[in-house]
Amino acid sequence: MQQWNKDGDFRLFLGNSKEQLASLTEKVDMIFADPPYFLSTGNGTVKIGNRYVRFDKGKWDRVRSKEDIYNFNYEWLSLCREKLKDSGTIWVSGTYHNIFQVAKCLIDLEFKILNMIVWQKSDPPTTFTKQRFNFSAEYIIWARKCEKVPHFFNYDLLECMNNGVHMPDVWKLPAPGRWEKTCGKHPTQKPLRLLYRIILASTREGDIILDPFAGSCTTGIAANLLGRKFVGIDQDEKYLQLGMRRREEISNPDVAQKIFERMSENPEEVQVIVNHARPELLKLMIEQGICYLRAGDSKGSILVTPGFERTGYVLLHSGGQNCHLFKLKRKGCFQIWTKETLEKHGFYPKHALYYQVFHFDNSQEVPFTREPRLLQGLNTYRSKIRPLSDFIGIR
Ligand SMILES: C[S@@+](CC[C@H](N)C(=O)[O-])C[C@H]1O[C@@H](n2cnc3c(N)ncnc32)[C@H](O)[C@@H]1O
């Protein structure tokens, strides 16, 4: 089976990776592979520690000997190496069960390992053992083909996505949500948010991305939503059919836009306090490096919800105009000041006895790279908390 969508940017090949890779005629810019971990025992249980827990991924994941696993990984990785451009990179994901074997094969094949990404799951399931720590991470090795040929790394964009700080190798992201499973389920589906970051980090628009164990084609969906071309291989037709349904789903521009927005959300993203102030008050706030809001409602209560600790910026504006963005001096922190304390700093608060006070670095404005579009909000005068990527970076 070979399936093409009309623009040829989503091509699927049914069959064993080894044979399909061998017959591939073109070279690709990047490979993402999520190979079998060989953990399933066939009787619906999986060995965790010295216990068997009911769980089976399917025939493709059946337990094999150490030698068999090494040979399997060596073979598909050497074929991937042949199909990768000299400047290309490969990402291989796994758990502690198989990732060391994969690393050994990569080294034996003379790939140059660049990073070992830790995908820290924000909502890990409970491990059924009391003899070890709970498993809450997966690992993704990133390697380039040639020791001496430089690879592409979208450093600036990744820094921007990480609020101006060099993106680290630990990524906290949730498992795939229901919104990613509307066309059906795959037992080991990867989150779109993970592939979004990987693809942005290591490819340019128009590049060709190959996934030799495509499953539900998460790689292909993220690739096409980001304007990259996709070639996927899987030996199970029902998974490729699922991949095609997912591709069909994003051929509707409204659905594609919604999925793109969710995929590009960073659940750990820094937040911005967006606050309206009259022009003369706005000027005074910038001079003092202080932004204040009434603390709570008329009865003086204040509710701080989880996630507030990620507040790192303040955006000041006057009715949606004259916007200024600054970094807070201390992320997630505010003081409670009385009306009198604010008056001592030259302010003239009228509405309450207590105020939340945010100190920001007024020596340097943060440039907007996206239109703030505050007038689209329902009530421009009300303070809001919005993700930083609404104002800088790409979503
Ligand atoms: C870990 S899953 C990949 C899941 C995928 N990343 C996703 O998000 O849906 C591995 C996939 O590899 C396929 N597979 C396993 N062994 C294979 C082989 N030798 N050739 C081709 N496909 C294989 C399985 O059918 C399965 O769908």
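The values are calculated or read from the model by the stated rules, or taken from the named source; none is laboratory data. Computed from a predicted structure; not experimentally measured. With ideal geometry, Cβ positions are generated from the backbone for all residues, glycine too; neighbour counts draw on all protein chains shown.
Here is how the numbers come out for the structure above:
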read-out	value
Those residues of the range 112-133 which are at pLDDT below 90 and touching a Phe, Trp or Tyr at 6+ places or on another chain (Cβ under 6 Å), in sequence order	Thr127
Residue tally, condition more than 8 Å from the ligand (Cβ to nearest atom) and buried (at least 21 other Cβ atoms within 10 Å of the Cβ), over the range 174-194	4
Looking only at the range 175-202, and only at residues there that are closer than 19 Å to Glu159 by Cβ and hydroxyl-bearing (Ser, Thr, Tyr), the one that is farthest from the chain's Cα centre (by Cα)	Ser202
In the range 134-145, the residues that are at pLDDT 95 or above and either over 21 Å from the mean Cα position of the chain (by Cα) or of a type in the set (Lys, Arg) (or both)	Arg144, Lys145
Residue identified as in contact with an Asp or Glu (Cβ under 8 Å, 6 or more places away or on another chain) and among the hydrophobic types (A, V, I, L, M, F, W, C) among Ile259, Ile286, Ile273, Ile250	Ile259
Residue among Gly220, Gly227 that is over 30 Å from Asn362 (Cβ atoms), within 21 Å of the chain's Cα centre (by Cα) and away from the ligand (no atom under 14 Å from the Cβ)	Gly227
Identity of the residue in the range 124-157, of a type in the set (S, T, N, Q) and touching a Ser or Thr at 6+ places or on another chain (Cβ under 8 Å), that ends up surrounded by the most Cβ atoms within 10 Å (Cβ to Cβ)	Asn154
Output for the range 318-353, where each listed residue is touching a residue at least 60 places away in the same chain (Cβ under 8 Å) and more than 18 Å from Asn163 (Cα to Cα)	Gly319, Gly320, Gly346, Phe347
Lone unmet requirement of (1) under 21 Å from Gly8 (Cα atoms); (2) more than 10 Å from the ligand (Cβ to nearest atom); (3) not polar (S, T, N, Q) for Pro150	(1)
